[in-house]
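Colleague: I have a structure I would like to understand better, so I am pasting it below and will then ask my questions one at a time.
The values are calculated or read from the model by the stated rules, or taken from the named source; none is laboratory data. Since the model is a prediction, treat every value here as computed from it, not as a measurement. A quick note on method: Cβ atoms are made from the backbone with ideal geometry, for glycine too, and the neighbour counts reach across all protein chains shown.
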Amino acid sequence: MLISSVTTLKLEDIVKGGDGPKIYQLYVRGDDKWVADRVKQAMGAGYDAFCITVDTAVYSRRERDIAKRFVKSWRTAATGQDHQAAFSWDSFKRVKDQFPDVKFILKGIGCGEDAELALKEGVWGVYCSNHGGRQLDHGRGSAAVLPEIITAVKGKAKVIVDGSFSRGTDIVKAICLGADWVGLGRLYCYGLAANGAAGIERVVELLEEEMKEVMGLLGVSSLKQLDKSYVSQGFPTNLPGVHSAFPLIGEGY
Ligand SMILES: Cc1cc2nc3c(=O)[nH]c(=O)nc-3n(C[C@H](O)[C@H](O)[C@H](O)COP(=O)(O)O)c2cc1C
C-alpha cells in the first residue's frame, strides 16, 4: 500500500490495517522542517519506506472535471502547493541527509536522466509514473519510459511503475521489462466502487489469475524467469476509450 498524505485517515491508524509492506507518500506542503516532521511521523508509525511525489509542481488541467463543471470542494481550501513547486533536487538532498537510513522513493520519474539523478541522490526506489496521464497530458507513457529507467538504474534501486495497468498481462509485461513492482490507481477504485473491500480483493484475485494464465502460456513458472525477450513493441489497434483523454463528451462518461 502506498498511503497518501492527502488521505483523510490518520497514518498511524492505516499502518495497523494489514501486514504487507507500507509506503507513506508525501505531497510537499511545507518547508524543510515540515517535510522532516512528516518523515519522522511516518517512520515512527512503522512505515517501511517514504515516497515523495515529484510530478505535481502545479495542479493539472483536468478536462473531464472542467467539462462536467466538477469542482472538488476539498481543493478550494488547499494551501501549500508553492512548496511542492519549489521542491528541487537540493530540497531532496537536504531531507535525505537528515535521514540517511530511510528508504526514499521518488514518484513521478519520467525519463532515464532523472532516474540517474535520483540514484545519485541515494534513493531506494525510482517510481516511474506519469500520474495516470492526468498531470502532463501528451507526455510519454510509463511503459514507453520504463526501459530507459531500467537501463539508468542498473539494478541499484527498486523500480516501481504505474499507469493504466489493468490486466495481468500488463503486469507481466512490466516485469518482463524489468520493473520490481507495479502500482494500481484507478483499477482498485473500480473494485471498491463495485463491492467495497471485497471488490478490491476480487480485482487482485483477477489480476493474479490472469498473471498465472499468461505465465503458463509463456511457458514460465516464476516471475524471475521473465525478461525482455518475452515482449516486443506493438502499435495501438483500438479506439480511444474510458482510459483516454478524448473524446470527453458524448460517450456517456
Ligand atoms: C483516486 C486517486 C487518488 C490518487 N491520489 C494520489 C496521491 O495522493 N498521490 C499520488 O502520488 N498519486 C495519486 N494518484 C495517482 C496514482 O498514485 C497513480 O500514479 C496513477 O493513478 C496510476 O495510474 P492508474 O490510475 O492508471 O493505475 C491517485 C490516483 C487515483 C485514481
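Colleague: Restricting to region 40-57, give me the number of residues that are buried (at least 16 other Cβ atoms within 10 Å of the Cβ) and more than 19 Å from the chain's Cα centre (by Cα).
Modeller: 2
Colleague: Sticking with this structure for a sec: What are the pairs with Cβ atoms under 6 angstrom where one residue, in region 165-180, is more than 15 Å from G141 (Cβ to Cβ) and touching a residue at least 12 places away in the same chain (Cβ under 8 Å) and the other, located anywhere, is among the β-branched types (V, I, T) and away from the ligand (no atom under 13 Å from the Cβ)? Sequence gap at least six, or different chains.
Modeller: What qualifies is G168/V214; T169/V214; V172/V214; C176/V231; G178/I150; D180/V159.
Colleague: Cβ-Cβ under 8 Å, sequence separation 6+ or interchain: first residue in region 59-75 and in contact (Cβ under 8 Å) with a residue 40 or more places away in the chain, partner surrounded by fewer than 10 Cβ atoms within 10 Å (Cβ to Cβ) and among the polar types (S, T, N, Q). Which pairs?
Modeller: Filtered contacts from region 59-75: no entries.
Colleague: Here's another thing I want to ask about it. For Y188, state whether it is at pLDDT below 95, under 30 Å from G44 (Cβ atoms) and out of contact with any Phe, Trp or Tyr (no Cβ under 6 Å at 6 or more places or on another chain).
Modeller: yes
Colleague: Of all strands (runs of 3 or more DSSP E) completely enclosed by region 117-191, which ones contain at least 2 residues that are surrounded by 16 or more Cβ atoms within 10 Å (Cβ to Cβ) and more than 10 Å from the ligand (Cβ to nearest atom)?
Modeller: Values: elements: 125-128, 158-162, 181-183.
Hits in region 117-191: 125-128, 158-162.
Colleague: For region 123-164, which residues satisfy the criterion of being in contact (Cβ under 8 Å) with a residue 40 or more places away in the chain and of a type in the set (D, E, K, R)?
Modeller: R134, D137, K158
Colleague: Can you name the residue in region 1-30 that is touching a helix residue (DSSP H, G or I) at 6+ places or on another chain (Cβ under 8 Å), away from the ligand (no atom under 14 Å from the Cβ) and of a type outside the set (V, I, T) and is also farthest from C111 (Cα to Cα) among such residues?
Modeller: Taking the candidates together, the pick is E12.
Colleague: Let me ask something else. If you go through region 31-60 one residue at a time, how many are away from the ligand (no atom under 16 Å from the Cβ) and in a loop (DSSP other than H, G, I, E, B)?
Modeller: 3
Colleague: From the set of residues in region 78-104 that are closer than 15 Å to Y27 by Cβ and part of a loop (DSSP other than H, G, I, E, B), which is modelled with the highest pLDDT?
Modeller: In this case the residue turns out to be F87.
Colleague: All but one of (1) loosely packed, with under 12 Cβ neighbours inside 10 Å; (2) under 25 Å from G139 (Cβ atoms); (3) within 21 Å of the chain's Cα centre (by Cα); (4) within 14 Å of the ligand (Cβ to nearest atom) hold for F70, so report the exception by its number.
Modeller: All conditions pass for F70, except number (3).
Colleague: Would you mind stating whether W89 is under 22 Å from V126 (Cα atoms) and more than 16 Å from the ligand (Cβ to nearest atom)?
Modeller: yes
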